[in-house]
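These notes are about the structure you will find just below.
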Amino acid sequence: MIFAQSAKFKSENLLIVILLLWITEVCPSQAQEANNQASTMGELKLEGKYIERLVLQRRNGRTQRLDHPAETIKLPVGEYRLLETHLIDGYSCRSSRTPSGDWVTIAEGKPAVLKFGAPLRQTVKVKRQGNVLLLNYELLGGGGETYTNSDRSKPPTFTIYKWDKEITSDEFKYG
């Protein structure tokens, strides 16, 4: 009886050892395959100046933060979009202020280009409501994204002229 139990115990151990060997053979090959897919890299060229921090979002929802990125960066292949940008001197842009649907595809061997950041362009949209002119100020980046400045102590100003004569001047209010 002891011999039968010992033989049963040995056969169970042998089965466990065989299963472990089989699992360790399969798992490393699957991990290596997944690692090869993850390590496939592509290039993203950034057309913009004075970038302090850049946050990109992948299609799967994961984000990639890049501090002081170079002009060309290497990223895993996939689709990305600009989620957040911070420029030197406190200018920033969030995804809600970027043109919609701007996904960039990073592929192996084919550099992608993302245009954003400085130089910034000041724009004013004017709308008439009866005797009142409504002025809407926007600070646009190279890709059409809207920037704000965290320093609210010096809001943008404007001056209105009629020919050479100054009619009025004031500053834009935030919000």
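The values are calculated or read from the model by the stated rules, or taken from the named source; none is laboratory data. On a predicted model such as this, the values are computed, not experimentally measured, just so you know. Glycine also receives a Cβ, built like all others from the backbone with ideal geometry; neighbour counts cover every protein chain displayed.
When you look at Ser6, is it surrounded by fewer than 15 Cβ atoms within 10 Å (Cβ to Cβ), of a type in the set (Ser, Thr, Tyr) and at pLDDT 55 or above, yes or no?
no
Filter the stretch 105-118 down to residues that are part of a strand (DSSP E or B) and among the small types (Gly, Ala, Ser) and give me whichever is surrounded by the fewest Cβ atoms within 10 Å (Cβ to Cβ). Break it down stepwise before answering.
Initial filter on the stretch 105-118 (part of a strand (DSSP E or B)): 105-107, 110, 112-115, 118.
From the residues that got through so far, the ones that are among the small types (Gly, Ala, Ser) too are 107, 112, 118.
On the way: Ala107: 13, Ala112: 16, Ala118: 16.
Only one residue tops the list, namely Ala107.
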Within the stretch 83-104, identify whether any single residue is part of a strand (DSSP E or B), over 20 Å from Tyr174 (Cβ atoms) and among the β-branched types (Val, Ile, Thr), and answer yes or no. yes
Keeping to the stretch 65-82, report how many residues are farther than 20 Å from Ala118 by Cα, in a loop (DSSP other than H, G, I, E, B) and among the acidic types (Asp, Glu). 0
Determine whether the stretch 133-147 contains at least one residue that is of a type in the set (Ser, Thr, Tyr) and in the same structural domain as Glu71 (by TED's automatic domain parsing). no
If we ask which residues in the stretch 134-158 are among the β-branched types (Val, Ile, Thr) and over 12 Å from Val124 (Cα atoms), their number turns out to be 2
Residues that are at pLDDT 90 or above and either in contact with an Asp or Glu (Cβ under 8 Å, 6 or more places away or on another chain) or aliphatic (A, V, I, L, M) (or both), drawn from the stretch 127-154: Leu139, Leu140, Gly142, Thr146
Expected output for the stretch 121-133 (first residue in a strand (DSSP E or B), partner of a type in the set (Ser, Thr, Tyr) and surrounded by 10 or more Cβ atoms within 10 Å (Cβ to Cβ), Cβ below 9 Å, 6+ apart or cross-chain) is Gln122/Tyr137; Thr123/Tyr137; Val124/Tyr137; Lys125/Tyr137
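Suppose we keep only residues that are over 28 Å from Phe116 (Cβ atoms), touching a strand residue (DSSP E or B) at 6+ places or on another chain (Cβ under 8 Å) and not small (Gly, Ala, Ser) within the stretch 135-175. Which one would you say is surrounded by the most Cβ atoms within 10 Å (Cβ to Cβ)? Can you show your working first?
Taking the stretch 135-175 and keeping what is over 28 Å from Phe116 (Cβ atoms), we get 159-170.
Adding the requirement that they be touching a strand residue (DSSP E or B) at 6+ places or on another chain (Cβ under 8 Å) leaves 159-161, 166-170.
Now narrow it down to the ones that are not small (Gly, Ala, Ser): 159-161, 166-168, 170.
Numbers: Thr159: 9, Ile160: 13, Tyr161: 10, Glu166: 9, Ile167: 9, Thr168: 9, Asp170: 11.
Looking at residues that are over 28 Å from Phe116 (Cβ atoms), touching a strand residue (DSSP E or B) at 6+ places or on another chain (Cβ under 8 Å) and not small (Gly, Ala, Ser), I get Ile160.
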Residue pairs meeting the criteria (Cβ under 9 Å; at least 6 apart or on separate chains; first of a type in the set (Asp, Glu), in the stretch 49-69; second outside any strand (DSSP E or B)): Glu52/His68; Glu52/Ile88; Glu52/Asp89
